[in-house]
Every structure is written in structure tokens, then in C-alpha cells.
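Report on one structure; see the data block that follows.
The values are calculated or read from the model by the stated rules, or taken from the named source; none is laboratory data. Computed from a predicted model, the values in this text were never measured in an experiment. Backbone-built Cβ (ideal geometry, glycine too); neighbour counts: all protein chains shown.
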């Protein structure tokens, strides 16, 4: 969409909310390939012409919808190292369940839509930056092993959530505690 088109298209927040809600619902349940201008119009009740006035194409609509759901991660301060890891497990679980959904996880694993996969991976890198910094600081302070591989730790923490969701296993508080009990020896100083 050009700057001129954006400037003359009046925005109604409730219409944008309906568009984003429909796009994100389709994304969560069926993955990025299910999101099209036509499917969003049908699911939202918003005319295709209205959607096209706002978004040039499927990619711009999908990017805007995902960006609208991505919130800045406020990493809590003052936690113990164990509580920090516990928070990450909960946050990853909640984000997958409530923001991106299982359909998106499956699509990313299969790389069905490379442009979307790159968008989502960029968002994951940005949202995990505070945790990676926290782990590095804790390693320097001696709270966790000094030689902990932070990137591998992130993969393990995020991967265990994805694996359990794929397997259809519950990921409640008991599960979080079990995972932490299993992984903590690898982190403990």
C-alpha cells in the first residue's frame, strides 16, 4: 500500500480488530497458508475491498496481524535463576497456545511459507532477547554455570514446549515444575 493510499483510507479500530482477529484465528488453527484476503473477509465479515484498502496483499495483512499480536516481552526482574527459567517455560507455552497456535508451529516446522517463517523466527529472536541477556548475566554472576550455551538453552526451553504440544500432552504447572527439575542440573552453578 502506498503512503497516499494509507493516508486517504480512514481507519476504524473495530474493523482492524475484526480483520486481525479473523487472520490470527485462521493462523492459529490452520497455519499461514490458510490466511488469505478471501478467507479473512469470510471469517471477519469485512468486505474484501475494505481489507484491500488497508493491506496491499496477503503478506502485508499477515505481517500486520502477527505484529499486532506480538507484544513487547516484559521480562520480570528480581527472580531467582530457577524462577526465570520457569517463567520462560510458561511464557513459551502461553505464546504458542494463545498467540501463534499449533497450526503456525506446524507450518514453521514444515517451512510451508518461507517468508512467514522468517517473520515469525525474527519475532522469536526479538522476544527471547531479554531471556538470553538474563542467562548471560546470571552466568557471569555465578548463579548458573559459567559455560552454559545460552543459544542451546533457548532451543531446549522452547523445544520442550513445542514437543509437548505436538504430542498433545498437558503443559500446566506440574509439567513446568517437572521440566525445571529435569533441566536445572544442567544450569546449576
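Of the residues that make up segment 173-182, is at least one surrounded by fewer than 17 Cβ atoms within 10 Å (Cβ to Cβ) and either under 17 Å from the mean Cα position of the chain (by Cα) or not in a helix (DSSP H, G or I) (or both)?
Scanning segment 173-182 turns up no residue that is surrounded by fewer than 17 Cβ atoms within 10 Å (Cβ to Cβ) and either under 17 Å from the mean Cα position of the chain (by Cα) or not in a helix (DSSP H, G or I) (or both).
Kindly establish whether residue 54 is under 30 Å from residue 132 (Cβ atoms) and either crowded, with 18+ Cβ neighbours inside 10 Å or modelled with pLDDT under 90 (or both).
Numbers: under 30 Å from residue 132 (Cβ atoms): no; either crowded, with 18+ Cβ neighbours inside 10 Å or modelled with pLDDT under 90 (or both): yes.
Criteria not met by residue 54.
Quick one: would you say residue 69 is within 14 Å of the chain's Cα centre (by Cα), closer than 22 Å to residue 183 by Cβ, buried (at least 17 other Cβ atoms within 10 Å of the Cβ) and touching a residue at least 24 places away in the same chain (Cβ under 8 Å)?
In short, no.
So which pairs qualify, if the first residue must be in segment 40-54 and assigned by TED's automatic domain parsing to the domain that holds residue 14, the second must be part of a loop (DSSP other than H, G, I, E, B) and surrounded by fewer than 16 Cβ atoms within 10 Å (Cβ to Cβ), the Cβ gap must be under 6 Å, and the two must be at least 6 apart or on different chains?
Final answer for the pair search is 53/9.
Looking at (1) touching a residue at least 40 places away in the same chain (Cβ under 8 Å); (2) more than 22 Å from the chain's Cα centre (by Cα), which one does residue 60 not meet, given that it meets all the others?
Only one criterion is unmet by residue 60, namely (2).
Can you pull out every residue in segment 99-118 that is surrounded by 18 or more Cβ atoms within 10 Å (Cβ to Cβ) and either over 19 Å from residue 35 (Cα atoms) or at pLDDT 85 or above (or both)? Steps first, please.
Initially, segment 99-118 is screened for residues surrounded by 18 or more Cβ atoms within 10 Å (Cβ to Cβ), giving 100-101, 103-105, 107-108, 113, 116.
Across segment 99-118, the qualifying residues are 113, 116.
Of all residues in segment 128-172, count the ones that are without any contact (Cβ under 8 Å) to a residue 60 or more places away in the chain, under 19 Å from the mean Cα position of the chain (by Cα) and surrounded by 18 or more Cβ atoms within 10 Å (Cβ to Cβ).
Qualifying residue count for the region: 4.
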